[in-house]
Amino acid sequence: MSFPISPKVQISSHPLVLSKLTQLRLHDLPAKDFREGIRAIGSMLIYEASRHLPLADVPNLQSPVAPFTGQTIPLRVGLSPILRAGLGLEDAALEMFPEASVLHLGLFRDKVSLQAIEYYSKLPSQVTADIVFLLDPLIATGGTALAAIHMLVEWGLTPSQIKIISVLGSKQGVQHVAEEFPDVEIYIGAVDDILTEKGYISPGLGDAGDRLFSTLQ
């Protein structure tokens, strides 16, 4: 689904992303396949989110044939999974950025108020990243993503240093995040129109954390 939300919101139209997402929506998909699908979509979205990162020359290198000048990304990269569902995207991100610092943030959504509640933060005393990929598989109300962005901004980042990687969102939730933080880039697999009264994306894919870790009741 594609509609204008913000120039900073990139909704994927890639056939591999959309076909994988169709599988993830199935109610009877085994947890193993769900985890693999989240990871696969995460890899593709992180690839797209990294497209415009800067490069710096690395001179005086030697291939088996001849000297050459290579290129590297001259940034300290941070990965910030929102516990616990964000862990489903962590391995995909580490494959892309194996030297990245991992900045876990613990947030859960109160089932009555739907407000995000912080319970854990593993942010060093000093800022250790020039850019942070915020890993949040679902943007439903947007409250959890917003709380995480506030935590990272209070840590010392500017919103333009944050990129959200998300598999699926609701139109309302994605708009909420984009309006409050217009400089934060969002890379997302798809956006559904409906957000239910209980704060679920519809048709959605259910509770990502429960499906990742086989804790469905």
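The values are calculated or read from the model by the stated rules, or taken from the named source; none is laboratory data. Nothing here was measured: the structure is a model prediction, and the numbers come from that model. In this analysis, Cβ positions are derived from the backbone assuming ideal geometry, glycine residues included, and neighbour counts consider all displayed protein chains. In case anyone asks, the SASA skips ligands and DNA or RNA and just uses the protein heavy atoms, side chains included. Shrake-Rupley method; radii C 1.70, N 1.55, O 1.52, S 1.80 Å.
For Ile131, which sequence-distant residues (separation of 5 or more, or a different chain) have an amide H within less than 5 Å of its own amide H, given hydrogens modelled in the peptide plane?
It is Arg76, Gly78, by chain and number.
Amide H of His104: which non-local residues (sequence gap of 5 or more, or other chain) have their own amide H closer than 5 Å, using H built in the peptide plane?
Lys122
Considering the chain as a Gaussian network with a 10 Å cut-off on Cα pairs, which listed residue, Thr72, Thr196, Thr158, attains the greatest mean-square fluctuation?
Thr72
Using the Karplus curve 6.51 cos²θ - 1.76 cosθ + 1.60 with θ = phi - 60°, work out ³J(HN,Hα) for each residue of region 129-146 in order, rounded to whole Hz, and write x for Gly and Pro.
After applying 6.51 cos²θ - 1.76 cosθ + 1.60, I find 9, 8, 8, 10, 8, 8, 9, 9, x, 10, 10, 8, 7, x, x, 5, 4, 5 Hz.
Determine the distance separating the Cα centre of region 33-71 from the Cα centre of region 126-165; give it in Å without decimals.
Each part reduced to its Cα centre gives a spacing of 22 Å.
If I ignore ligands, DNA and RNA and count only protein heavy atoms, how much of Lys163 is accessible to a 1.4 Å probe, in Å² to the nearest 10?
20
Quick check: at a probe of 1.4 Å, how many percent of the accessible area of the chain sits on carbon and sulfur atoms?
Within the chain, the accessible surface is 54 percent carbon and sulfur.
Take each of the peptides 133-139, 147-153, average the number of other beta-carbon atoms within 10 Å over its residues, and list them starting from the highest.
133-139, 147-153
What length, rounded to one decimal in nm, is gained on full extension from Glu180 through to Leu18, with 0.36 nm per residue of separation minus their alpha-carbon distance?
55.6 nm
Length gain on complete extension for the stretch Lys198 to Ser160, per 0.36 nm per residue less the alpha carbon to alpha carbon distance?
Contour length minus Cα-Cα distance gives 10.6 nm.
For region 91-130, state which GluC sites (Glu not before Pro) are in a DSSP loop and have at most 10 other beta carbons lying within 10 Å of their beta carbon.
Sparse-neighbourhood loop GluC sites (Glu not before Pro): Glu99.
Tell me the label-point distance for the pair Tyr119, Val102, using the 7 Å Cα-to-Cβ offset, in nm and rounded to one decimal.
Placing both labels 7 Å beyond Cα along the Cβ direction yields 2.0 nm.
Quick check on the chain: helices-only [θ] at 222 nm, where DSSP H runs of length 4 and up contribute -39,500 (n - 2.57) each and the sum goes over total residues. Nearest 500, please.
-10000 deg cm²/dmol
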